């Protein structure tokens, strides 16, 4: 069974929030203070580790070892699974192949331009 965990990107301060609470209805809390979800992006852990043992989350940028492109990880509603896509092209690659996390869409926006 895969571990259920999330990470939270603070759009205002442009950093991942180290500690937060996410309720069943999607509310975000820091301590006892509820936050506006429009100021934060929540990303789920895929349950997968890359070739170096690094956790892979939605929004991560990955390099598939058998594919010559860098891809963005997202949750595919139609497939009910985490997939990887080439930015702007709708490619839909499985993450079952060996891959490496090379960054994410927030901290490494320069990598998105090369996708």
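Some notes on this structure:
- Each of 63, 51, 69 has some number of other Cβ atoms within 10 Å of its Cβ, and from fewest to most they run 51, 69, 63.
- The length gained on full extension between residue 65 and residue 19, counted as 0.36 nm times the residue separation minus their Cα-Cα distance, comes to 13.3 nm.
- In plain terms, the residue of 21, 3 with the fewest other Cβ atoms within 10 Å comes first and the most crowded comes last, giving 3, 21.
- Estimated [θ] at 222 nm from DSSP helical runs (n ≥ 4, -39500 (n - 2.57)) normalised by residues in the chain, nearest 500: -1000 deg cm²/dmol
- Cβ-based exposure ranking for 56, 24, 76, in which fewest neighbours within 10 Å come first: 24, 76, 56
- Between the beta carbons of residue 86 and residue 27, assuming R0 = 30 Å, the FRET efficiency works out to 0.35 to the nearest 0.05.
Read the figures in this text as sums done on the coordinates, not as results from a lab. Quick caveat: nothing in here was measured; it's all calculated off a predicted structure. Heads up, the Cβs are rebuilt from the backbone with ideal geometry, glycines too, and the neighbour counts pull from every protein chain shown.
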